[in-house]
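For reference, the structure discussed in these notes is given below.
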Amino acid sequence: MSEVIYDVHCQVNEIRASEIKDINIVDLSIEAEGGRITIEMPRNLLPIKEGKRLRIIISRDEGIEKDVDGLFYCTIYKVEKQRKGKEEMGLIYGSIGGLQVRMEAKGLHRKFKAGDKVFLGVKII
């Protein structure tokens, strides 16, 4: 059984071209928590469209592969704790082979530490 660290449903807010050829920046809002996830990914890798829903699953092992449409090996390189009013928000930065992942959500800083190697799965709902 995979050790799932984080599992959320998201809405695709925007897909825009990055400065890097054939790379899109996918901007997601986390439905239950009100946080955000931004992922850089190859343009033609997954058929993701604005307005669609995705499930993002993060695990310590690749066992989630059977449950997702795309699986990325991610290194966490920065973890920050921020306060927004009374809430503690975690801001996590990761790298997928040089492409960037940025996640911001309540309590997220407690789930990761810099140097963690995780698998980030994307499931189109």
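Given the options 122, 79, name the one that is closer than 18 Å to residue 40 by Cα and either modelled with pLDDT of 95 or more or hydrophobic (A, V, I, L, M, F, W, C) (or both).
It is 122.
Of all residues in segment 92-125, count the ones that are polar (S, T, N, Q) and open to solvent by 50 Å² or more (accessible area, probe 1.4 Å). Step through it out loud before you land on a result.
Here is the first cut: in segment 92-125, the residues polar (S, T, N, Q) are 95, 100.
Right, trim to open to solvent by 50 Å² or more (accessible area, probe 1.4 Å) and you get 100.
Qualifying residue count, segment 92-125: 1.
How about segment 83-125: which of its residues are assigned to a strand (DSSP E or B) and without any contact (Cβ under 8 Å) to a residue 24 or more places away in the chain?
83, 84, 87, 88, 90, 91, 92, 93, 95
Anything in segment 28-42 that is open to solvent by less than 90 Å² (accessible area, probe 1.4 Å) and either closer than 12 Å to residue 118 by Cβ or not small (Gly, Ala, Ser) (or both)? List them, or say none.
28, 30, 31, 33, 37, 38, 39, 40, 41, 42
Please name all residue pairs, on different chains or six or more residues apart, with Cβ atoms under 7 Å, provided the first residue is in segment 26-50 and is under 12 Å from residue 103 (Cβ atoms) and the second residue is of a type in the set (Lys, Arg) and at pLDDT below 90.
Short answer, once both residue conditions are applied: 33/106; 35/106.
Residue 64: among the aliphatic types (A, V, I, L, M), over 20 Å from residue 32 (Cα atoms) and open to solvent by less than 80 Å² (accessible area, probe 1.4 Å), yes or no?
In short, yes.
Can you tell me which residue is nearest to residue 121 (Cα to Cα) among those in segment 1-59 that are among the aliphatic types (A, V, I, L, M) and in contact with a Cys (Cβ under 7 Å, 6 or more places away or on another chain)?
Taking segment 1-59 as the starting set, the residues that turn out to be among the aliphatic types (A, V, I, L, M) are 1, 4-5, 8, 12, 15, 17, 20, 23, 25-26, 28, 30, 32, 37, 39, 41, 45-46, 48, 54, 56-58.
The next check asks that each one be in contact with a Cys (Cβ under 7 Å, 6 or more places away or on another chain); those that pass are 28, 30, 37, 54, 56.
Numbers: 28: 14, 30: 15, 37: 13, 54: 10, 56: 6 Å.
Step by step, filter segment 1-59, then rank; the result is 56.
The values are calculated or read from the model by the stated rules, or taken from the named source; none is laboratory data. Owing to the predicted nature of the structure, the values given are computational and were not obtained by experimental measurement. Here Cβ is always computed from backbone atoms with ideal geometry, including for glycine, and neighbour counts include all displayed protein chains. What goes into the accessible areas is simple: the full protein's heavy atoms, side chains included, and nothing from ligands, DNA or RNA. Shrake-Rupley method; radii C 1.70, N 1.55, O 1.52, S 1.80 Å.
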